[in-house]
Amino acid sequence: MGSGIHEKGSSRRHLFFAVEKSLNRLKTDRIVFYFIHRFDESTDIEETVRALDDLQRKGKILYPAVSNWAAWQIAKALGISERKSLAGFKLIQPMYNLVKLQANLQTKIQRVLRYYNNNCKDLGDN
């Protein structure tokens, strides 16, 4: 990916540009699963969901998909899809990273220790 205005993000403009670029590169008329690989904090989730819906209605993509989004981001997008009758994600690749998983687990352990007012030292807590 480059650094141009259309080279990143999940705004409507970028998604339409990226899909057309992919269709031309792949020499096909539609993409079966179109993945949004990263959550774009600068674009409203509803704009992204509406763009995916429009791409599906135009026959450019068959199914919207997402990877590496947090559960709350996926839940919010699916809620918008349901309320507004827009295309929802059909394939989800969960965020999975051993470092993040460990950090998440560490946070849960710390919460348990605080809940029980336990004086035990969490060895993972530096």
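What follows draws every value from the coordinates through simple rules; no lab data is involved. Just so we're clear, the structure is a prediction, and the values are computed from it rather than from any experiment. Here the Cβ positions follow ideal geometry from the backbone for every residue, glycine too, while neighbour counts run over all protein chains shown.
Side notes on the structure shown:
- Whenever a residue of the stretch 27-38 is among the basic types (Lys, Arg), its partners that are part of a strand (DSSP E or B), lying with C-beta atoms within less than 9 angstrom and at least six residues away or across chains, give the pairs 30/61; 30/62; 38/67.
- Checking each residue in the stretch 12-34 for being polar (S, T, N, Q) and in contact with a strand residue (DSSP E or B) (Cβ under 8 Å, 6 or more places away or on another chain) picks out only 22.
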